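The values are calculated or read from the model by the stated rules, or taken from the named source; none is laboratory data. This is a predicted model, so every value here is computed, not measured. Every residue, glycine as well, gets a Cβ built from its backbone with ideal geometry; the counts of neighbours run over all protein chains shown.
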Amino acid sequence: MTIPFKRALQLGAALVALAGPAVASSSQVLWYSIVTGTGAPVGYARVEFHDSGEGQERVEYQETTLREQDARPTRVSERTTIRQAADGRTLSIVSDTRVGASLTHVEARPRAGAVDITRESPGGRSAISVAAGPQVQFDGGEKLMAAWDPRVTPRLEFDSFNIESMAVEHVVLTPLTGYGDNADGRIEVMRATYDGLELRGITRMTLGADRGVLAVIQPLFGTTITVTPADEATALQPRAPYKLITTLMMKSPFRIPATATQGHIRYRFGFRDGMAFNLPQTGEQRVTQVGGAAVVDICDGCGPGLASDPAALADARRPTEWLQTGDPRIKAIVAPVAAQNISDARKMEILARTARGYLGDIDFAGHFSASETLDRRRGDCTEAAVLLAAFGRAAGIPTRTASGFVYSRERYHGVSNVFMPHSWTLAYVDGKWRSFDAALPEFDTTHIAVTIGDGDMRSMAASGQLASILQWQAMAEVRSRPVQGR
């Protein structure tokens, strides 16, 4: 059994923080190494500063190479150019992300009260505007960090624009260690990002006594990625392609029998570093808070489902930047199924099989929209979830995407009895929310949802980060007791 998946390494905010306050002169180039938790180099980054006629221009570049089994290596690179006026105002942010031969170009231009964003990819061009008040930071919060004294202000909070998610996020910085814990004045800081009240990302940073960032550690499911300053030779040292799949696996505390995957499993999770967050509740997943832990029950009908009021269902039918239900190809594919006189659940089952037919080649790199997936005819579970969600909405069925992890008993890339990141689709069918998996043969009780979204990269990438702070405490099969006298 193959389980396609991917999680993008979103290190843009890390590079901004590392590069920021230390730079005092123009035409400067800073280099960084990107390594795993074991110290193996997986990529590099550089930041260049140039004076321009308007002010200053900062160019951030990062590159990694991915390879799985016998597939050809895939180079993943991102180049972001930030142009600032002489008074420090951000004039524009331009990001070019290349995954193999596929290029995505995003431009963001701040104006009074908003940011105008255009996105061009093989799937087409789109434009949106995002509200952004005068308090929104476009430098990753570097100026605020430079003046931050945690002894006076234990929590540094601000709103920050993220070009990768094309959204404004709320950022909270809290120290994990005090000044007295390290003789040289270093402190460990947790950087948490929120979408409203929902935790969407966590990053560890090591700050020096001068508030300069010495290292950035990105927790992921099963591993960590660290960005540290380096010289050019170290940053560019030869490295083997990064085997993402085998790295992002976590050995299961227990071997789960096949019968339990179709029954009822109860999980219990604690949280690391006091970073508790609310796991979502789906039609199959019920979450109960017990003494600081999350007890998660998964079975057919265990959960209350997502919101199902008229406004929530209407929102779950709308097109988005990732679910382009207005694409003529999507309409043509879905129309014959939508017209059938069958239940919505049956329609989703047919659409799931249809979606699988457009994912002939497995590709773990990048994150692509429904329209882009139709162009590429390749992807993994994230593209499968996004494509099925778009198909469902085009048929008039409310859908969301779920991301978390799933269990595999079979040997996969040399490893068995593991949990690994995964994404699937939720649909409101026949009066209730149900899960549908276009990447695997069926949905089972080892699908643990961590985030819910609309096919967007932010919610899917967040699941890998948030899963890294879950602590397995218990897992058990729940069986019905026989009734006396029967």
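Structure notes:
- Here the condition is being part of a helix (DSSP H, G or I), closer than 25 Å to Gly222 by Cα and either in contact (Cβ under 8 Å) with a residue 12 or more places away in the chain or in contact with a Ser or Thr (Cβ under 7 Å, 6 or more places away or on another chain) (or both); of Ala390, Ala402, Ala438, Ala385, it holds for Ala385 alone.
- Criterion (surrounded by fewer than 16 Cβ atoms within 10 Å (Cβ to Cβ) and over 22 Å from Gln465 (Cβ atoms)) met by exactly one of Gly274, Gly291: Gly291
- The listed residues are Gly366, Gly360, Gly396, and the only one of them that is assigned by TED's automatic domain parsing to the domain that holds Thr261, on the phi > 0 side of the Ramachandran plot and modelled with pLDDT under 95 turns out to be Gly366.
- Counting only residues that are among the aromatic types (Phe, Trp, Tyr) and within 19 Å of Glu57 (Cα to Cα), the stretch 95-153 holds 1 of them.
- Among residues of the stretch 299-354, those that are basic (Lys, Arg) and crowded, with 16+ Cβ neighbours inside 10 Å, counted: 2
- Those residues of the stretch 29-85 which are of a type in the set (Gly, Ala, Ser) and closer than 16 Å to Thr97 by Cβ, in sequence order: Gly43, Ala45, Ser77
- Taking the criterion of being buried (at least 17 other Cβ atoms within 10 Å of the Cβ) and either free of Cβ contacts under 8 Å to residues at least 60 places away in the same chain or out of contact with any strand residue (DSSP E or B) (no Cβ under 7 Å at 6 or more places or on another chain) (or both), the only residue of the stretch 32-47 that qualifies is Val47.
- The condition (being of a type in the set (Lys, Arg) and under 24 Å from the mean Cα position of the chain (by Cα)) is satisfied by just one residue among Arg211, Arg191, Arg151: Arg191.
- Test: residue in the stretch 309-316 that is without any contact (Cβ under 8 Å) to a residue 12 or more places away in the chain, assigned by TED's automatic domain parsing to the domain that holds Ala449, within 22 Å of Gln285 (Cα to Cα) and part of a loop (DSSP other than H, G, I, E, B): yes
- Residues that are assigned by TED's automatic domain parsing to the domain that holds Ala438, exposed (fewer than 14 other Cβ atoms within 10 Å of the Cβ) and either polar (S, T, N, Q) or in contact with a Phe, Trp or Tyr (Cβ under 7 Å, 6 or more places away or on another chain) (or both) do occur in the stretch 375-382, at least one of them.
- Unique residue being in the same structural domain as Thr97 (by TED's automatic domain parsing), outside any loop (DSSP other than H, G, I, E, B), crowded, with 18+ Cβ neighbours inside 10 Å and of a type in the set (A, V, I, L, M, F, W, C) when the list is Val172, Val115, Val130: Val115
- Residues being among the polar types (S, T, N, Q) and over 16 Å from the mean Cα position of the chain (by Cα) - total across the stretch 156-178: 3
- Hits in the stretch 249-271 - residues which are part of a helix (DSSP H, G or I), β-branched (Val, Ile, Thr) and surrounded by fewer than 16 Cβ atoms within 10 Å (Cβ to Cβ): none
- Residues of the stretch 412-427 satisfying the condition of being crowded, with 24+ Cβ neighbours inside 10 Å and either assigned to a loop (DSSP other than H, G, I, E, B) or over 18 Å from the mean Cα position of the chain (by Cα) (or both): Ala427
- Test: residue in the stretch 135-154 that is in a strand (DSSP E or B), in contact with an Asp or Glu (Cβ under 7 Å, 6 or more places away or on another chain), on the phi < 0 side of the Ramachandran plot and in contact (Cβ under 8 Å) with a residue 12 or more places away in the chain: yes
- Whichever residue in the stretch 216-248 is polar (S, T, N, Q) and not in a loop (DSSP other than H, G, I, E, B) and, among such residues, is modelled with the highest pLDDT: Thr234
- Residue list for the stretch 78-91, restricted to those being buried (at least 17 other Cβ atoms within 10 Å of the Cβ) and not β-branched (Val, Ile, Thr): Glu78, Arg83, Gln84
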